[in-house]
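Asks: Just dropping this structure here.
The values are calculated or read from the model by the stated rules, or taken from the named source; none is laboratory data. As the structure is a prediction and not an experimental result, all values here were calculated from the model. Virtual Cβ from ideal backbone geometry, glycine too; neighbours counted across all protein chains shown. Keep in mind that these areas ignore ligands, DNA and RNA; they rest on the heavy atoms of the full protein, side chains included. Shrake-Rupley method; radii C 1.70, N 1.55, O 1.52, S 1.80 Å.
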Amino acid sequence: MISYVKLNNYKSLVNFKVDFMKSKTKAKNLVLIYGENGIGKSNFATSFYTLNETMSTMSSKEVLKKFMENSKENINELYENDFKLRFRDIEMIIKDCKTINSDDDMVLEYGFNYKGNNGVYKLVMNDTEIVSEKLVFILNKNETVFFDINEKSIKVNQNIFTDKLYYTEFCNLLAKYWGKHSFLSILSFEIEDKKAGYVKKRIINNLYNVLAFFKIICTKVKGGNHSEFGIIGTQHKIMNNLNKGIISIKDEKELTKTEFLLNNFFTLLYSDIKKVYYKKEIIDNKIKYNLFVKKLIYNKIIDVNFDLESTGTQSILELIPYLISACEGFIVIIDELDTGIHDLLIKTLLESVSRYLKGQLIITTHNTLLIESDIPNEDIYVFKTDRDAFKELIAITDFNGRIQKNINPRKKYLKGMFSGVPMVSDIDFEELIYNLK
């Protein structure tokens, strides 16, 4: 669970902190974030994706190197359109994420709770590379600094390694690569590159678990030009491609389970959808599958390719893996959950999923109906900004103490009592058109 986030000079969030603790020992399972357009909601959500990127730079470097060695055609075009987007180095990440015209360092700091134990991970970057990295977590039941690295010194607690030779080997890797790559990125690459289980046997479980904890944070965030990108941490293979795809014939049982889930989900959500199923074709021991629905149209049951369903219905399909992941114990961040989906459908979905969350679900939204849903007021946060553009993210229960039961919090929000709503004057379109002419 994420207990708090601090961001400095990250996109539009120059000096930002938010606390997600429900009590002294427990973080909130569900967080809804509101605010005006352009206030920083998407930037906050994207910071989790950026965190994951910083842990993949070493792997990305090797993937790109192998690709360049093996491919000779259209390398520049493929690099610009694909690899540059998915495999970025630290300098590219900084260039994209650091606050414009900021001379100060960019800081990402995340407080977290893993299996009842609190920890902190902090990463500091200048204009081109990492200048500081620190991880604090539990070692032998005590809060301990696992590593604290900066430009002047590399301090790594030898007790987080169970093999002294590998400790020395890893410190040599840090001396060679750290700065362009983080400690966690180098460790992540080592785990991928070495024989299965080799690294895991040579480090303590808590170090391995912290890396896994951050690497499998699920994100669904908005990019430029209305694009979307993210990470799904679910263990279910089909969840990454619910609509269509090709799988091994040995995974047919997994496909059947997914079909059962989708059928139950959509037939409960839509009165005109009577069945959801996969059309399957076996080719060379592979199953090519495509999602269809049996739909009641003008009193007739018609088979409809899911590709022909509305944008909102397809958006719900895209949300399912993330909601399932949150229920299975993962941390999930979804930016603009309500895009293209009816207010009441979103309300039903969130009220339902909130009862089964084993992980943590953090979403940004404009759907104000959720404020007067069954979701507790303490889980609802609003971006607040002052005259100097200083931004805070605050639970609505922390604005003026606890909200009285007889006062509708949605009405208070819409009146601007919690901030986070656009305050604009009427627009004279007649004058605009006159000036245009």
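Asks: Keeping all protein chains in position, work out how much accessible area Glu328 exposes to a 1.4 Å probe, and write it in Å² to the nearest 10.
Replies: Near enough 90 Å² of accessible area.
Asks: So, by mean Cβ neighbours within 10 angstrom, what's the order for 213-219, 372-378 with the highest one leading?
Replies: The packing order, highest mean first, is 213-219, 372-378.
Asks: While we're on this one: Using a Förster radius of 30 Å, what is the FRET efficiency between Asn243 and Asn285 based on their Cβ-Cβ separation? Nearest 0.05, please.
Replies: On the way: r = 22 Å, r/R0 = 0.74.
Computed FRET efficiency for Asn243 and Asn285 comes out at 0.85.
Asks: Let's test the formula: R0 of 25 Å, r as the Cβ-Cβ distance of Gln314 and His236. What FRET efficiency results, to the nearest 0.05?
Replies: 0.85
Asks: Output ³J(HN,Hα) for segment 311-322: one whole-Hz value per residue in order, computed from phi by the Karplus curve 6.51 cos²θ - 1.76 cosθ + 1.60 with θ = phi - 60°, and x for Gly and Pro.
Replies: Calculated HN-Hα couplings, in order: 4, x, 5, 5, 5, 5, 4, 5, 6, 3, x, 6 Hz.
Asks: What are the residues whose amide H is under 5 Å from the amide H of Gly179, where those residues sit 5 or more places off or on another chain and H is modelled from the backbone?
Replies: Amide H to amide H, under 5 Å and 5 or more residues apart or across chains, Gly179 pairs with Ile130.
Asks: Here is a follow-up. Please arrange Ser185, Ser310 by accessible surface area, largest first, computed with a 1.4 Å probe and ligands excluded.
Replies: Ser310, Ser185
Asks: What list of ³J(HN,Hα) values in whole Hz, one per residue of segment 102-107 in order, does the Karplus curve 6.51 cos²θ - 1.76 cosθ + 1.60 (θ = phi - 60°) give from phi, with Gly and Pro shown as x?
Replies: 8, 8, 7, 5, 8, 10
Asks: Keeping all protein chains in position, work out how much accessible area Tyr270 exposes to a 1.4 Å probe, and write it in Å² to the nearest 10.
Replies: 40
Asks: Rounded, prolate or oblate: pick one for segment 140-209, where a ≥ b ≥ c are the square roots of the eigenvalues of its C-alpha gyration tensor, a/c under 1.5 means rounded, and failing that, prolate if a/b is larger than b/c, else oblate.
Replies: Oblate.
Asks: Could you rank Met21, Met55 by how accessible they are, 1.4 Å probe, largest area first?
Replies: Sorted by accessible area, descending: Met21, Met55.
Asks: Go through His236, His181 and list them by solvent-accessible area, largest first, probe radius 1.4 Å.
Replies: Working: His236 60, His181 15 Å².
The ranking, largest first, comes out as His236, His181.
Asks: Can you list the HN-Hα couplings for segment 356-369, worked out from phi with the Karplus curve (6.51, -1.76, 1.60; θ = phi - 60°), rounded to whole Hz and with x for Gly and Pro?
Replies: 3J(HN,Hα) across segment 356-369, in whole Hz: 10, 6, 9, x, 9, 10, 10, 10, 9, 7, 10, 7, 6, 4.
Asks: Moving on. In the structure shown, do any of Lys244/Lys295; Lys6/Lys155; Lys11/Lys180; Lys98/Lys134; Lys115/Lys257; Lys134/Lys201 have a Cα-Cα gap over 25 Å, and if so which?
Replies: Lys115/Lys257
Asks: Leu30's amide H: which non-local residues (gap 5+, or another chain) put their own amide H closer than 5 Å, with H modeled 1.01 Å from N in plane and none for Pro or chain starts?
Replies: Placed amide hydrogens put Leu361 under 5 Å from Leu30.
Asks: Let me ask something else about it. Taking amide H positions as placed 1.01 Å from N in the peptide plane, with prolines and chain starts having none, which residues 5 or more places from Ser3, or on another chain, fall under 5 Å of its amide H?
Replies: The answer is Gly111, Phe112, Asn113.
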